[in-house]
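Participant: Got a structure here, written out as structure tokens. Questions coming.
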Amino acid sequence: MPCMDVIEVLLPGVGLRYEFTTATGARIGVIAHRDGHFEMVRYSMADPDASLPLITLTRAEADTVAEIFGAPRISERFADLTREIPGLASATIEIPHGSPFDGQTLGKTKARTRTGASVVAIVRGEHVIASPTPKDGLLGGDSLVVIGTDEGIRGVRTLVSG
Amino acid sequence: MAEIGIFLAELGLLLLILGALSAIAERLRISPIPLFLLAGLAFGQVGLAQDGQASEFVQATAEIGVLLLLLLLGLEFSTAEFSASMRRHAPSGLVDLALNAPPGFIAGLLLGYGWRVSLALAGITWISSSGIVARLLGELGRMANRETPAVLSVLVLEDVAMAVFLPLVAVLLAGGTMTRAAIGVVVALAVVLMIFFVAGRFGPRLGQVLGPEDSEQVLLRVLGTTLVVAGLTYAVGASAAVGAFLVGLAIPGRTAMRAREVLKPLRDLFAAIFFLSFGLSVETSGVLPALPVAAALAGVTILTKVATGWYAARCDGVGRYGRFRAGTVLIPRGEFSIVIAGLAVMSGASGVGPLATGYVLLLGIAGPVLARTSDSVIGTLSSRRSAPPPA
């Protein structure tokens with residue numbers, strides 16, 4: 001995953017401004033207003049300090065846009081990773097209600113020691129715990145994003161369903 | 001019973017007039033403050049409101065208007081934002097003070113006011129109107145511009161400097177000695193520290209009990225605290241406005257956000273009446289003769305504010321055009337200047353009233369216009385030479 005440089009600037013009394021350059025060379029600014037709405041601007045070529053308005057989003061609109069941008073990218077990222085390394089697969093495994101680990105911590109499953117597969121995220125409804133630690137809790141209905149060999153993934157599935 | 005009827009009708013008419021003025025200001029894209037002042041002057045001229053049933057109510061309301069203005073100013077930013085501004089822009093704040101306060105002070109001395117009133121005049125020319133400037137930045141689509149953090153930092157520093165300046169001037173104008181003024185400042189700071197302590201200690205528990213989402217609770221709690229603290233600071237000889245401002249500063253994050261939402265309409269109503277009432281208190285016949293001095297002062301302090309903005313934006317590595325934009329947007333003076341002038345007038349320096357009115361009328365109207373034209377000036381400049389400007 002290439003990492004992008006994002007500059008963060010405090011706007012006292014207003015909120016925060018984020019700034020980055022796209023691959024095509026456009027300088028883009030995003031203002032996160034304190035009241036939750038967002039403003040996107042593009043910096044002018046002639047005067048790099050002046051901004052030209054692009055779009056203004058309410059909190060709900062920004063959430064939706066973030067979802068559109070964000071959701072496919074998470075799965076793509078895992079797909080990319082597993083494609084690059086032969087023998088590595090990823091899967092999403094749901095923890096059934098009444099599973100022995102419903103209400104336990106991730107560490108209690110000892111999934112990695114037992115199967116060799118790694119849990120890289122816990123998905124709870126709309127909420128994602130990326131790179132969870134052994135102390136993170138599990139609940140029935142959660143989904144685990146697991147990376148490992150096909151065999152390891154099968155192992156985790158049997159483990160959590162009890 | 002007839003009196004109540006007349007009172008209600010008068011008050012209603014007053015509000016309708018203020019509403020019409022604010023609509024005109026919106027149409028002309030200027031701040032409504034100058035128009036409210038003008039309305040006050042006009043009413044004063046006809047002697048309408050003094051004899052009217054509503055006049056007592058207007059005065060009491062104006063008092064609360066000042067408190068709400070300052071409370072909301074204090075609520076506008078957090079202590080974290082203040083310390084960030086301080087770290088980065090402390091020199092800009094000092095340049096701001098060093099350039100913009102002396103013109104007012106010198107003018108006061110030249111007019112023969114004595115140093116106390118001159119100090120008040122220094123405050124009037126020093127402080128930009130954060131209300132007008134913040135609105136301008138939004139309207140002109142400059143929030144994301146690179147010079148804007150510098151502009152906002154200057155505003156934050158000015159506003160906090162007022163927490164010290166206001167009690168100082170209030171005591172000095174009331175005829176107190178420097179020692180008493182120092183005590184006033186210390187008391188004000190002690191009050192705010194106490195609030196910080198209490199809020200830090202019991203704030204979360206209080207928040208749990210009352211529920212931060214309940215508008216009614218936020219409204220009553222914050223307003224009640226403000227009035228009590230304002231009354232206390234008044235009783236110990238500092239100005240009530242200072243107390244309100246300190247309460248605003250002391251209220252932490254989430255509560256502050258809710259309080260802003262809930263109190264803003266109330267502030268708009270009461271502050272409008274405050275500006276009107278200030279206009280009423282000014283001798284209308286004095287304004288025209290004071291205009292030349294006000295215009296000269298305005299001319300000088302337009303230049304000094306542009307220099308301030310130029311300097312602050314340069315600290316952030318902004319190019320020439322951005323520095324010019326930062327300078328012009330800082331020109332408007334407004335609510336704080338009127339609050340300080342109000343203190344001066346109350347202390348008996350009635351000549352400050354017409355001068356400050358003229359000054360705020362000129363800069364409250366000219367400031368936004370100049371800030372807007374700066375865009376087209378830069379437009380012509382940058383199209384004349386097609387090369388990008390050197391940073």
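Bear in mind that the values in this text are calculations on the coordinates, not laboratory data. Here the structure is a predicted model, which means the values were calculated and not measured. Positions of Cβ are backbone-derived with ideal geometry, glycine not excepted, and every protein chain shown enters the neighbour counts.
Participant: Where the Cα atoms of the protein assembly as shown are projected onto their three principal axes, how long is each span, largest first, in whole Å?
Facilitator: 93, 65, 49
Participant: Which is the longest run of chain A containing none of the trypsin sites (Lys or Arg not before Pro) found in DSSP loop states (not H, G, I, E, B) with at most 15 other C-beta atoms within 10 Å? It would help to have the intermediate numbers written out before the result.
Facilitator: Values: sites that count: A:110, A:135.
Excluding the exposed sites themselves, the longest stretch runs over A:1-109.
Participant: With a Förster radius of 30 Å, plug the Cβ-Cβ distance of residue B:178 and residue B:94 into 1/(1 + (r/R0)^6) and report the FRET value to the nearest 0.05.
Facilitator: Working: r = 22 Å, r/R0 = 0.73.
With a Förster radius of 30 Å, E is 0.85.
Participant: Return P(r) of the range B:44-176 (all Cα-Cα pairs; 10 Å bins starting at 0; whole %; ordered from short to long distances).
Facilitator: Going out from 0 Å in 10 Å bins, the range B:44-176 shows 11, 30, 32, 20, 6, 0 percent.
Participant: If you take the Cα atoms of the range B:284-382, find Rg, then find the Kirkwood Rh from the mean of 1/r over all pairs, what is Rg/Rh? Don't skip to the end; give the middle numbers.
Facilitator: Working: Rg = 15.6 Å, Rh = 14.5 Å.
Dividing the radius of gyration by the Kirkwood radius yields 1.08.
Participant: If you don't mind, another one. Give me a single rounded figure for B:374-382: the average over its residues of other chain Cβ atoms within 10 Å of their Cβ. Numbers along the way, then the final one.
Facilitator: Working: counts 0, 1, 0, 0, 3, 2, 0, 1, 4.
Taking the mean over all residues of the peptide, I get 1.
Participant: Let me ask something else about it. Run the numbers on the range A:7-57 and let me know its relative contact order in percent, using alpha-carbon pairs under 8 Å that are six or more apart.
Facilitator: Details: 93 pairs, mean separation 12.0, N = 51.
The value is 23 percent.
Participant: At what distance in nm do the modelled label points of residue B:254 and residue B:80 sit from each other, each positioned 7 Å from its Cα along Cα→Cβ?
Facilitator: Label-label distance for residue B:254 and residue B:80, simple model: 1.4 nm.
Participant: Follow-up question, since we're still on this one. Which of B:287, B:327, B:225 sits farthest toward the positive end of the charge dipole of the range B:204-337, with +1 on the Cβ of Lys and Arg and -1 on the Cβ of Asp and Glu?
Facilitator: B:327
Participant: Can you pull the mean other chain C-beta count within 10 Å for peptide B:319-326? Working shown, then result.
Facilitator: Details: counts 4, 2, 6, 4, 1, 0, 3, 1.
Neighbouring Cβ atoms belonging to other protein chains average 3 per residue here.
Participant: Report the FRET efficiency, 1/(1 + (r/R0)^6), for residue B:140 and residue A:54, where r is their Cβ-Cβ distance and R0 is 22 Å, rounded to 0.05.
Facilitator: Step by step, r from the Cβ atoms, then E = 0.90.
Participant: When chain B is modelled as a GNM with alpha-carbon springs shorter than 10 Å, which of B:38, B:94, B:381 fluctuates the most?
Facilitator: Comparing B:38, B:94, B:381 in a Gaussian network model of chain B, the most mobile one is B:381.
Participant: What number do you get for the range A:7-57 when its Cα radius of gyration is normalised by 2.2 N^0.38 Å, N = residues?
Facilitator: Rg over 2.2 N^0.38 Å, computed on Cα atoms: 1.12.
Participant: Based only on other Cβ atoms within 10 Å, what is the fewest-to-most ordering of B:18, B:152?
Facilitator: On the way: B:18 20, B:152 25.
So the residues, fewest neighbours to most, are B:18, B:152.
Participant: I need the shape label for chain B. Rule: rounded when a/c is under 1.5, else prolate if a/b > b/c, else oblate, with a, b, c from the alpha carbon gyration tensor. Could the numbers behind the result be given before it?
Facilitator: Working: a/c = 1.39, a/b = 1.15, b/c = 1.21.
It comes out rounded by the Cα gyration axes.
Participant: Fewest Cβ neighbours within 10 Å first, please rank B:346, B:162 accordingly. Don't skip to the end; give the middle numbers.
Facilitator: Numbers: B:346 15, B:162 25.
So the ranking, lowest neighbour count to highest, is B:346, B:162.
Participant: Tell me, in nm to one decimal, what length is gained between residue B:164 and residue B:296 on full extension, where the rule is 0.36 nm per residue of separation less the Cα-Cα distance?
Facilitator: Working: separation 132, 0.36 × 132 = 47.52 nm, distance 2.80 nm.
So the chain would gain 44.7 nm between residue B:164 and residue B:296.
Participant: Ok, one more. Relative contact order for chain B using alpha-carbon pairs under 8 Å, separation at least 6, rounded to a whole percent?
Facilitator: Values: 562 pairs, mean separation 110.9, N = 391.
After rounding, I find 28 percent.
Participant: Work out, in µm²/s and without decimals, the Stokes-Einstein translational diffusion coefficient of chain A at 4 °C, 1.567 mPa s, Rh from Kirkwood over C-alpha pairs.
Facilitator: On the way: Rh = 18.7 Å.
It comes out at roughly 69 µm²/s.
Participant: Let me ask another. Suppose the chain between residue A:66 and residue A:128 were pulled fully straight at 0.36 nm per residue; how much longer would it get relative to their current alpha carbon spacing? Mind showing how you got there, number by number?
Facilitator: On the way: separation 62, 0.36 × 62 = 22.32 nm, distance 1.39 nm.
Gain on extension, residue A:66 to residue A:128, equals 20.9 nm.
Participant: If you count, for every residue in A:23-29, the Cβ atoms of partner chains within 10 Å of its Cβ, what is the mean? Don't skip to the answer; put the middle values down first.
Facilitator: Numbers: counts 0, 0, 0, 0, 0, 1, 4.
Mean inter-chain Cβ contacts per residue within 10 Å come to 1.
Participant: Where does chain B land at 222 nm, in deg cm²/dmol rounded to the nearest 500, when only DSSP H runs of n ≥ 4 count, each adding -39500 (n - 2.57), divided by all residues? Working shown, then result.
Facilitator: Numbers: 16 runs with 327 residues, N = 391.
It comes out at -29000 deg cm²/dmol, rounded to the nearest 500.
Participant: Please list the helices of chain B that count as membrane-span-like by this rule: a mean Kyte-Doolittle hydropathy of at least -1.0 together with Cα atoms stretching 18 Å or more along the helix axis, each helix being a complete DSSP H run.
Facilitator: Working: long enough: B:2-28 (39 Å, 1.74); B:33-46 (20 Å, 1.94); B:55-75 (30 Å, 1.76); B:79-110 (40 Å, 0.44); B:148-173 (35 Å, 2.16); B:178-210 (44 Å, 1.63); B:215-235 (30 Å, 1.09); B:253-281 (38 Å, 0.50); B:284-315 (45 Å, 1.09); B:352-384 (45 Å, 0.90).
For chain B, where a helix must reach 18 Å along its axis and average at least -1.0, the hits are B:2-28, B:33-46, B:55-75, B:79-110, B:148-173, B:178-210, B:215-235, B:253-281, B:284-315, B:352-384.
Participant: For the range A:127-148 and the range B:101-137, what is the centre-to-centre distance using only Cα atoms, to the nearest Å?
Facilitator: 60
Participant: Also: If you rank A:18, A:43, B:359 by fewest surrounding Cβ atoms within 10 Å, what's the result?
Facilitator: Details: A:18 16, A:43 19, B:359 29.
By the 10 Å Cβ count, ascending, the order reads A:18, A:43, B:359.
Participant: While we're here: How high is the relative contact order of chain A, in percent, with contacts defined as C-alpha pairs under 8 Å that are six or more residues apart?
Facilitator: On the way: 273 pairs, mean separation 26.1, N = 162.
Answer for chain A is 16 percent.
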